[in-house]
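The values are calculated or read from the model by the stated rules, or taken from the named source; none is laboratory data. Please read these numbers as outputs of a predicted model, since none were measured by experiment. With ideal geometry, Cβ positions are generated from the backbone for all residues, glycine too; neighbour counts draw on all protein chains shown.
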Amino acid sequence: MTENKRYMVAMGSHDLVVETGKLAQQAGGAVTVREGDTMILATATMSTHPRQGIDFFPLSVDLEERMYAAGRIPGGWFRREGRPPVSAILVARMTDRPLRPLFPKDLRNEVQVILTSLSHDQEHQHDIVSINAASAALHISDVPWEGPIGAVRVGLIGDQFVINPTYSQMEESRLDLKLAGSADAIMMVECAANEVGEAMMVEALQFGHEAIQPFIRLVEMMREEIGKPKRDYEVKEVDQVLYDEVEVRVKEQVQNILQSYYDRDERNAELEDLREQVVVEYTDEETELAERLAQVRSAISSVIKQEIRARILEEGVRPDGRDYVTIRPLSAEVGIIPRTHGSGLFSRGETQVLSLATLGTPREAQEFDGLEPVTSKRYLHHYNFPPYSTGETWFLRGPKRREIGHGMLAENAMIPVLPDKEEFPYTIRVVSEVMSSNGSTSQASICASTLALMDAGIPISKPVAGIAMGLITDGERNAILTDIQGMEDHLGDMDFKVAGTRDGITALQMDIKIKGLSNEIMAQALQQANDARMQILDVMQAAIAEPRADLSPYAPRMITMHIDIDKIRNVIGKGGETIRAIQTETDTKIDIEDDGTVYIASPDGDKAMEARARIEALTESPEEGRIYTGKVVRIENYGVFVEILPGLDGMVHVSQLDTIRVEKPSDLVNLGDEIMVMVTKIENGKIRLSRQAVLEGWSLEEAQSHDRGSSSGGGGGSRNRSGGGGNRGRSGGDRSGGDRNRSGGGQRR
């Protein structure tokens, strides 16, 4: 059995504990990393033989969230974990991004990194722990990999940066910056922020990069002490002679095509014709093998990449003829889709996104059954990338990891400008449908979604726009490109997405393919992104300057009210009978929270007000001096009991039933009669009522004085009425002329 090894390193104010040798000993590499009582097991394993017939590296990274880690049993019929939740997919994707560039480019063996949550203390977050665990497992394993990397979260609480803040600390933070990098450079950034300035963002990135250095040094030490020898792998032989011949053959033609065709479709068609022509020249019946064809195509692609990059660096000209900072043509429209609550269409060159906004009730918020202490969210942003957006076809099998990640990036960008629940108690869902794609649809979806939210009348504080930046470098010369298109993303060295308002950054995502990125380059990229964002916001606000004053006529109108928590059961009713009846009869949706907050939603404002009145009638408390129309529910010789509110009775003493002396209450009223009464006293849960006070028109003080007199003996101030006594068997209308039938179960009169 392998000896158990334990290491520790400080990350900010917390310690990371790394152990290996005890668990998963047959994996290529296995470690547990613990912060507080949050613990992740990471394993890294490589297949024995390469996968045949592929031209890419088959890496898979998965996070297996186990509910036992937080002491819970999964929901659902089977009571076991099923498909990974969105939170697990996002962590796995974030872990994959900094690992992937450090594998050998020609590796074709399958490599699998599995992260398993063993413990979660609901305070220390597991995403950063997962990235660090994957790095340690890979570096000590036999898998070829040019690590290690380290990862850290940077928060901004007040004016202080905080390393790896806890969930509770993050509630006070303006910044949620997650970064991973090597000893030399930042490689991955995922950030949500509340309008943080560019200069402060650069400072946070530097602060985070410095903070990962102790962990990187620890993993290097682990490698020296316990690391396995890295395995050899089969490398596909390259016919260098063939490569060189093809490069010479096509170089001049590629240059001519790039200089002559700035339109993407025309350029791609010419390049494809060239590929087919050269493939025919270099293959015949005897040599027409799949590998040879692949090498010819690879050589041509290599020339195309070299020429595009050289033209950008040497001539300052991009594939579509733009300079470094020019944005492609922009357009923005709103209100183009009927019946939806809000719609926005944003275009930037050949990239086009349609976003649709929908408003719902609080009950439609998304609930979570995962490890994190977050139980629900009221803003949902979903991103769809259909095959027609790139002129292709593929099976529709639900959103891929990329689509889920892009949706979350847009969600993070919009959250800082959304109204608080107290101000705007709706659940909000935005769906971004990519209509056409040629670069940075995720940022276009942020722009389109801002338009849709404003079109829906959602009072966002400021519009948000996004832009994608790129980088071409040869180590000496650098070209930072504003608004990269698909080809530049594929052939470039960086994908840097920045979203924000006019006052600061709200979301940031970066992936780089090179080993170094200076602070100067990062600062320049952020400044160019800021300049571009201002241009885009100008176009968006020309289409709609601010949120519409009114909601769509198809959106529900929401009324918020508060009731005593002890009265919630009155509104719910037995088995939910009462609340279902109110919703059905008023055509509304009603949500009640545990603190007594009630949300009433309906497209018809009058219906919502009717439901509110019904709820008020069910939950109001009696007040001394108020007059109620109530139903006689019990008759005794000394008086009658009247239900003045649902389930709430008071007593009218016989002396207070009329303006004249009443011998027996049954001479005046029957069970089920409705009469008007005044509440004269509430004491120790008992309610004393007077009908005489209503008939005489007394004030509360007069009614209480007469009631005290009657309690001490005699008629209590009763006097004869002209016109005789009360009629027996009345059902409501007595001589006051004020009694009326109730509607809605005990409304006040």
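Here are a few things to note about the model shown:
- Of all residue pairs spaced 6 or more apart or on separate chains, those with beta-carbon atoms under 7 Å, a first member in the stretch 567-579 that is touching a residue at least 12 places away in the same chain (Cβ under 8 Å) and surrounded by fewer than 19 Cβ atoms within 10 Å (Cβ to Cβ) and a second member that is of a type outside the set (D, E, K, R) and part of a loop (DSSP other than H, G, I, E, B) are I568/G596.
- Residues of the stretch 479-532 satisfying the condition of being assigned to a strand (DSSP E or B), of a type in the set (S, T, Y) and farther than 24 Å from L418 by Cα: T482
- Residues in the stretch 32-72 that are of a type in the set (V, I, T) and at pLDDT 90 or above: T32, V33, T38, I40, T43, T45, T48, V61.
- Total residues in the stretch 1-47, condition in a strand (DSSP E or B), of a type outside the set (A, V, I, L, M, F, W, C) and under 15 Å from V113 (Cα atoms): 5
- Yes/no for L293 being over 30 Å from V317 (Cα atoms) and without any contact (Cβ under 8 Å) to a residue 60 or more places away in the chain: yes
- Those residues of the stretch 657-682 which are touching a residue at least 60 places away in the same chain (Cβ under 8 Å), closer than 15 Å to G697 by Cα and not aliphatic (A, V, I, L, M), in sequence order: D658, T659
- Restricting attention to the stretch 488-505, the residues being in contact with a helix residue (DSSP H, G or I) (Cβ under 7 Å, 6 or more places away or on another chain) and not aromatic (F, W, Y) number 9.
- Filter pass, D55 being of a type in the set (D, E, K, R) and either farther than 30 Å from F496 by Cα or part of a strand (DSSP E or B) (or both): no
- Single match in G492, G500, G457 (criterion: under 18 Å from E198 (Cα atoms) and either in contact (Cβ under 8 Å) with a residue 60 or more places away in the chain or touching a Gly at 6+ places or on another chain (Cβ under 8 Å) (or both)): G500
- Of all residues in the stretch 321-342, those being surrounded by 15 or more Cβ atoms within 10 Å (Cβ to Cβ), in a loop (DSSP other than H, G, I, E, B) and touching a helix residue (DSSP H, G or I) at 6+ places or on another chain (Cβ under 7 Å) number 2.
- Of the set (1) assigned to a helix (DSSP H, G or I); (2) in contact with a helix residue (DSSP H, G or I) (Cβ under 9 Å, 6 or more places away or on another chain); (3) at pLDDT 90 or above, all apply to L695 but (2).
- Within the stretch 132-172, the set of residues being part of a strand (DSSP E or B) and β-branched (V, I, T) comprises V152, V154, I157, V162, I163.
- Test for E423: is it outside any loop (DSSP other than H, G, I, E, B), surrounded by fewer than 22 Cβ atoms within 10 Å (Cβ to Cβ) and without any contact (Cβ under 8 Å) to a residue 60 or more places away in the chain: no
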